[in-house]
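Here the structure is laid out as structure tokens; the discussion comes afterwards.
The values are calculated or read from the model by the stated rules, or taken from the named source; none is laboratory data. Just so it is clear, the structure is predicted and the values come from calculations on it, not from any experiment. No Cβ is skipped: glycine too gets one built from the backbone with ideal geometry, and neighbour counts run over all protein chains shown. Just so you know, the surface numbers come from the protein's heavy atoms only, side chains and all, with ligands and any DNA or RNA stripped out. Shrake-Rupley method; radii C 1.70, N 1.55, O 1.52, S 1.80 Å.
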Amino acid sequence: MNKRKAWVACAILGVFLLTACGGGGGGTNPGPSTGTGNNNPGDTGAASLVPAAPALGTVLETDATILAPQTAGATWRFYGQQFSSVGTALDRYESTYQLTQSGSEWRMSGSNPGNDGPDVMRFVVSNGQVQQVETVQFNATQPAEDVRVTLLRSPVRAGDQVVALTKRIDGVPDQDGDGRAESMDVAVYTRVIGTERVDTASGESLDAIRVETHILQRVTPSKSGQPGPVVDITGVDWFARGLGWVARDQPSITTDGQIRIGKERLVGADVGTQGYGNLGLPAALTNPVSSPEQAGQPLAMQLPTGVVDGDRALLISSPPVIDFSYRPLLTLLNSRGEVQWTRLGPSGARFGSPLGTGWVLWGNLDQGTVPIFRLDAEGKALTATAQVLDLGLPQAERPSLPRGAIIQGDAQSLWVLMLRGDWQTNADGSVAPREGLVVRGYDLNGQPITSAIVLERSQAAGSFQGSYSLAVRQGKALVSWVSTNGAMPRLMLASVSSNGTATITQADAGALGNSTSASITAAAQGSLLQWGNDDRFAWVDDTLGLTLLDATRSDGTLPSLPLGAGGIPDTQTITRGDLVLRWTLGAPSQGAGGVGTPSTVLTWQVHRRGQPAPLHQTFVATPPRPLILPMSDRLLIINRSAVGTGWVVEQVHY
């Protein structure tokens with residue numbers, strides 16, 4: 001059999017190796033925690049090995065099954081290190097686990113548990129209990145039998161102790177030299193210790209319930225007939241709500257009878273709707289065989305940017321070979337970073353936004369016009385040529401001229417925000433151009449649904465001076481800008497409905513300068529304002545009221561993240577309306593996870609309205625300046641492969 005097997009079975013079978021190698025004579029506990037088996041030579045019978053159960057303590061969880069995920073396809077990733085029975089550090093290793101279902105059993109298939117190669121752990125969840133199942137053949141003359149080890153049962157209480165096995169085994173090879181076989185008592189029991197803070201591989205701490213599994217043995221030599229000392233081999237599992245196993249101390253026995261303890265700590269988990277940390281090694285971005293471009297091939301692109309819409313992301317990049325057609329390469333990713341399709345986009349398109357179930361692309365302002373390209377959900381153009389939006393320019397002797405434009409859309413409508421220079425009559429009767437901030441709404445076909453609405457016009461002749469931005473939520477345009485009209489700059493907000501009703505207000509944003517930046521983003525779940533050179537943030541409600549982010553300082557700024565690579569502040573910020581993602585990368589190092597893989601520590605923090613924003617960190621195998629896309633429940637980290645010329649993606653769960 002595999003020298004490790006599922007460790008409970010291995011420990012039971014390994015008692016023969018222990019006694020043969022003299023391991024049973026020491027009466028020591030080689031496991032990671034202390035056993036208390038009855039070691040009184042006057043006691044006989046396997047049941048006497050099991051200590052008295054402690055008094056039951058507090059209820060830790062009312063439902064044990066919440067600690068054992070039952071989602072086929074769930075995965076866990078651990079970094080581990082082996083230790084000898086006396087605590088000497090040995091090899092480091094990595095192991096991944098995947099959960100599958102077979103009838104009433106769940107199976108956790110591990111790639112390298114305990115650093116001993118592939119193995120499978122079986123467990124069942126029934127009647128509020130989580131039981132590990134091991135098939136053991138105690139000697140060659142008896143059939144194998146299942147041993148069910150109750151890890152957890154409802155309600156989960158500190159001190160809960162369950163005996164899984166008490167058994168006398170005859171026919172143990174001669175130990176005392178009299179030529180006769182010995183007998184041996186074996187017992188297995190589990191005990192819930194309590195809730196502890198356990199470190200993950202990256203150094204974070206999680207609340208988890210500690211459960212110990214004790215395998216006890218005692219040999220009775222045939223010569224003396226007196227029971228020998230007790231050996232207690234102890235394994236430990238830590239379970240966290242919704243995630244299952246987050247740490248394990250797993251004993252194993254080598255073929256020469258040596259005890260090894262594999263201490264495994266969580267790197268990442270993907271458990272249905274829940275997860276933690278880095279969900280796996282970098283995966284190659286590969287096009288499906290049905291992709292219009294690069295079918296079945298690794299994704300090849302240059303200089304990608306990304307547009308996130310809920311749990312899908314559109315990459316807009318340059319083709320691997322520039323052919324001067326100026327057609328972008330478009331790639332759709334799902335929430336797990338898997339390529340859905342890649343195709344060439346329309347010539348001249350450079351920017352994108354969601355529009356209905358599809359997308360809208362546009363390029364630079366072209367001679368005062370805004371050409372757009374509407375695409376369906378598969379990236380196919382809905383019109384043969386670019387569609388020029390009707391900007392609602394005033395009909396006058398001297399033409400108005402748009403200077404800049406921003407386009408945004410959502411599932412209901414499309415909006416354009418532009419700077420437009422119109423000729424205006426001054427108080428002295430002279431005529432001069434003055435720029436204004438103008439917004440107009442369109443339906444999903446690009447037809448106007450509002451007139452062109454002037455939100456503000458520069459009081460002085462010449463260019464509009466302040467920054468401006470546009471977002472769309474639930475069919476409404478949300479506009480932020482810094483007004484330089486008046487004695488002091490002001491931060492302004494506007495909401496424009498699909499019937500053309502505009503609500504304009506001045507935000508309470510503190511002191512501003514003429515060059516102060518301001519931007520607004522929106523998602524289905526909310527809107528977010530970011531302003532100031534020192535990055536202040538506030539949620540925007542439906543009446544344009546502001547609520548500072550939780551954990552902000554009194555001035556609306558957020559505390560700094562730890563220093564990035566090179567020991568300098570390097571916090572990057574991404575907003576998407578319903579969240580603020582802040583992240584920084586440390587310096588790359590060889591084997592940051594202790595397993596020889598080049599890694600970098602990613603530190604990140606996600607702010608959502610009304611939710612805590614703890615600081616997280618994990619290992620990522622990526623160099624600085626990746627493309628990071630914030631999806632609903634995870635980050636997609638996209639970068640060039642460290643080997644070869646392709647691109648890879650990593651998933652980091654919030």
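Side notes on the structure shown:
- Residue 232 on the phi < 0 side of the Ramachandran plot and not in a loop (DSSP other than H, G, I, E, B): yes
- For the range 154-207, filtering for residues that are under 30 Å from residue 586 (Cβ atoms) and either assigned to a loop (DSSP other than H, G, I, E, B) or over 37 Å from the mean Cα position of the chain (by Cα) (or both) leaves 5.
- Sole residue being open to solvent by less than 30 Å² (accessible area, probe 1.4 Å) and assigned to a loop (DSSP other than H, G, I, E, B), chosen from 347, 353, 317, 291: 291
- Which listed residue is touching a Pro at 6+ places or on another chain (Cβ under 8 Å), in contact (Cβ under 8 Å) with a residue 24 or more places away in the chain and surrounded by fewer than 17 Cβ atoms within 10 Å (Cβ to Cβ), from 272, 296, 244: 272
- Note on the range 56-101: residues that are surrounded by fewer than 21 Cβ atoms within 10 Å (Cβ to Cβ) and in a helix (DSSP H, G or I) amount to 2.
- Here the strands (runs of 3 or more DSSP E) wholly within the range 417-498 that include at least 2 residues being among the β-branched types (Val, Ile, Thr) and closer than 27 Å to residue 530 by Cα are 431-442, 453-457, 476-483.
- Members of the range 266-288 that are part of a loop (DSSP other than H, G, I, E, B) and either at pLDDT 90 or above or of a type outside the set (S, T, N, Q) (or both): 272, 279, 280, 281, 282, 285, 287, 288
- Scanning the range 106-114 turns up one or more residues that are more than 29 Å from residue 256 (Cα to Cα) and either surrounded by 13 or more Cβ atoms within 10 Å (Cβ to Cβ) or among the β-branched types (Val, Ile, Thr) (or both).
- Scanning the range 457-472 for residues that are touching a residue at least 40 places away in the same chain (Cβ under 8 Å), buried (at least 16 other Cβ atoms within 10 Å of the Cβ) and either under 37 Å from the mean Cα position of the chain (by Cα) or within 22 Å of residue 399 (Cβ to Cβ) (or both) gives 464, 467, 468, 469, 470, 471, 472.
This table checks each residue for (1) outside any strand (DSSP E or B); (2) in contact with a Leu (Cβ under 9 Å, 6 or more places away or on another chain); (3) closer than 16 Å to residue 189 by Cα; (4) touching a residue at least 12 places away in the same chain (Cβ under 8 Å).
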| residue | (1), (2), (3), (4) |
| --- | --- |
| 106 | no, yes, no, yes |
| 114 | yes, no, no, yes |
| 132 | no, yes, yes, yes |
| 143 | yes, no, no, no |
| 149 | no, yes, yes, yes |
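- Qualifying residues in the range 580-603 (those that are buried (at least 22 other Cβ atoms within 10 Å of the Cβ) and modelled with pLDDT of 85 or more) - the one farthest from residue 90 (Cα to Cα): 580
- Residue list for the range 179-197, filter: open to solvent by 50 Å² or more (accessible area, probe 1.4 Å) and touching a Lys or Arg at 6+ places or on another chain (Cβ under 9 Å): 180, 193, 195, 196
- All conditions in (1) farther than 17 Å from residue 83 by Cβ; (2) small (Gly, Ala, Ser); (3) not in a loop (DSSP other than H, G, I, E, B) hold for residue 224, with the sole exception of (3).
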